[in-house]
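Inspection log for the structure reproduced underneath, given as structure tokens.
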Amino acid sequence: CLRLLCEGRRFDAVFMDLEMPNMDGITATRQIRMMETQGVLPTVNVVIGMSTTSTELLWRECFDIGFDYFEEKPVYYSNIHKYVKTINAPLDGATKR
């Protein structure tokens, strides 16, 4: 994901699994947000965290580092559809972070 973003690829949303093998989703999202702050990436990247573990502490950590949404696995289409509608809609008071 980071490589593709740095190569100039743009996505409406990044679905970030917290338990990835090479780099966990929290570390990857920290790097995305740091690169946005530094101007390396545009600040339009929407990050949706996903995990089988769901505690309030984990949710808080994810939102504090810059996740826009968080979804507990299993992920259901209806929830993803809700996020995609929010992402593609003009800012109309949609709930994020």
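The values are calculated or read from the model by the stated rules, or taken from the named source; none is laboratory data. Keep in mind the model is a prediction, meaning the values are calculated, not measured. In this analysis, Cβ positions are derived from the backbone assuming ideal geometry, glycine residues included, and neighbour counts consider all displayed protein chains. Accessible surface areas use protein heavy atoms only, side chains included; no ligands, DNA or RNA. Shrake-Rupley method; radii C 1.70, N 1.55, O 1.52, S 1.80 Å.
Do we find that D92 is open to solvent by 40 Å² or more (accessible area, probe 1.4 Å), at pLDDT 90 or above and on the phi < 0 side of the Ramachandran plot in this structure? So D92 fails the test. If you check G25 against the conditions, is it within 21 Å of I87 (Cα to Cα), small (G, A, S) and surrounded by 19 or more Cβ atoms within 10 Å (Cβ to Cβ)? So G25 passes the test. Please tell me if I80 is assigned to a helix (DSSP H, G or I), on the phi < 0 side of the Ramachandran plot and at pLDDT 85 or above. Against the criterion (assigned to a helix (DSSP H, G or I), on the phi < 0 side of the Ramachandran plot and at pLDDT 85 or above), I80 does not qualify.
Just give me the residues in segment 27-57 being under 19 Å from P74 (Cα atoms) and touching a residue at least 24 places away in the same chain (Cβ under 8 Å), in sequence order. Listed by number, the residues that qualify are V47, I48, G49, M50, S51, T52, T53.
For segment 1-74, which helices (runs of 4 or more DSSP H) that fit wholly inside it have 3 or more residues that are at pLDDT below 90?
2-6
Only residues that are exposed (fewer than 11 other Cβ atoms within 10 Å of the Cβ) and touching a Cys at 6+ places or on another chain (Cβ under 6 Å): list them for segment 62-85, please. Matches in segment 62-85: none. Scanning segment 8-41 for residues that are over 21 Å from S54 (Cα atoms) and acidic (D, E) turns up D12, E36.
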